[in-house]
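The values are calculated or read from the model by the stated rules, or taken from the named source; none is laboratory data. Given the structure is predicted, the values throughout are model-derived calculations rather than measurements. All Cβ positions, even for glycine, are placed from backbone atoms using ideal geometry, and neighbour counts span all protein chains on display.
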Amino acid sequence: MNQNKTYYGDSRLNYFCAFCGGPAETEDHVPSRCFLDKPYPPNLPVIPCCHKCNHDFSIDEEYVSCLIDCMKSHTADPSLIQRGKTRETLLHSPKLQERIASQIKEFGEYYLFDYEKERFKNIVRKLAFGHLAFENDYLTWNSSFLFSIWLIPEMTESQYATFFKPYTGDLLPEVNSHSLEHILLPDNADIVMQFAAPWVIVQEGRYAYCVSPDSNKVKFVIADYLAVEVSINQ
């Protein structure tokens, strides 16, 4: 961890792991680079965390990243996976490939994935809490949460439009927070003042996220395929 680096507008938060509240010993990318392709975008979001959280998330992130690409391709056969990074991972990790393959249930033209829910939930929590920390200077490690997921190709037009609509709020994010840098102000000064938080595109086609100004919701999209919305109980 770079002790001289400014991670948040409030530098006092630098000393805490964003995921468990323990001592900040290193830093972690949010999202992890396993969800992205090379060449990686410059200035990827990073936040302080402890060694344990960093290590534990890495194992589950590899599983979730590969799972999503297998879901997208309807198979765990490396030769049929569209994404090169996932093909290589499955070829070098036959146990992971076998594990995901065993979770695929085929019903004619339909495919269901009996995924490992706790591992998936762990990464959803990491991504949501990490985005809140990075964007809004808001640490939520003691908060409970609920989440909903959709497969983008199966969304109705209404679901799609609702999900991709930016969040709005009545209060501005914390002073000096990253979120404040790209908040959208209303064009008409005569209307009730509301602020829109736009989508942040980390890498086109691979990852994007949106954080509500009042820090109670986060949504993100992985691989233009999986849409997730997380509601934080503050």
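Structure notes:
- Residues satisfying the criterion are present in region 149-156 (criterion: assigned to a helix (DSSP H, G or I), modelled with pLDDT under 95 and surrounded by fewer than 20 Cβ atoms within 10 Å (Cβ to Cβ)).
- Taking every residue in region 206-234 that is part of a loop (DSSP other than H, G, I, E, B) and pairing it with any residue that is among the β-branched types (V, I, T), at least 6 positions away or on another chain, the pairs with Cβ-Cβ distances below 6 Å are N216/I232; A223/I68; Y225/I152.
- Applying a threshold of 6 Å to beta carbon distances and a minimum spacing of six or more residues, or different chains, the list of pairs starting in region 26-47 at a residue that is over 15 Å from V64 (Cα atoms) and ending at one that is surrounded by 15 or more Cβ atoms within 10 Å (Cβ to Cβ) and small (G, A, S) reads I47/A18; I47/G130; I47/A133.
A quick yes/no check of all residues on (1) crowded, with 19+ Cβ neighbours inside 10 Å; (2) closer than 24 Å to S231 by Cα:
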position: C70; (1), (2): yes, no
position: G84; (1), (2): no, no
position: H92; (1), (2): no, no
position: E98; (1), (2): no, no
position: Y115; (1), (2): no, yes
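- Inside region 40-87, residues that are of a type in the set (S, T, N, Q), out of contact with any Ser or Thr (no Cβ under 7 Å at 6 or more places or on another chain), assigned to a helix (DSSP H, G or I) and farther than 23 Å from L112 by Cβ make up a count of 1.
- Residue selected from region 215-234 under the condition out of contact with any Leu (no Cβ under 8 Å at 6 or more places or on another chain) and on the phi < 0 side of the Ramachandran plot, by the criterion surrounded by the fewest Cβ atoms within 10 Å (Cβ to Cβ): Q234
- Matching option when the condition is in contact with a helix residue (DSSP H, G or I) (Cβ under 6 Å, 6 or more places away or on another chain) and in a helix (DSSP H, G or I), among L90, L132, L127: L90
- Restricting E118, E88 to those that are farther than 15 Å from L151 by Cβ, of a type in the set (D, E) and more than 19 Å from the chain's Cα centre (by Cα) reduces the list to E88.
- Considered as a group, the residues in region 10-35 that are assigned to a loop (DSSP other than H, G, I, E, B) and touching a Leu at 6+ places or on another chain (Cβ under 8 Å) include one that is farthest from C210 (Cα to Cα), and that residue is G21.
- Odd one out for C66 among (1) surrounded by 21 or more Cβ atoms within 10 Å (Cβ to Cβ); (2) in contact with a strand residue (DSSP E or B) (Cβ under 6 Å, 6 or more places away or on another chain); (3) of a type outside the set (S, T, N, Q): (2)
- Each residue in region 94-115 was checked for being part of a loop (DSSP other than H, G, I, E, B) and either modelled with pLDDT of 95 or more or in contact with a helix residue (DSSP H, G or I) (Cβ under 7 Å, 6 or more places away or on another chain) (or both), and 1 of them qualify.
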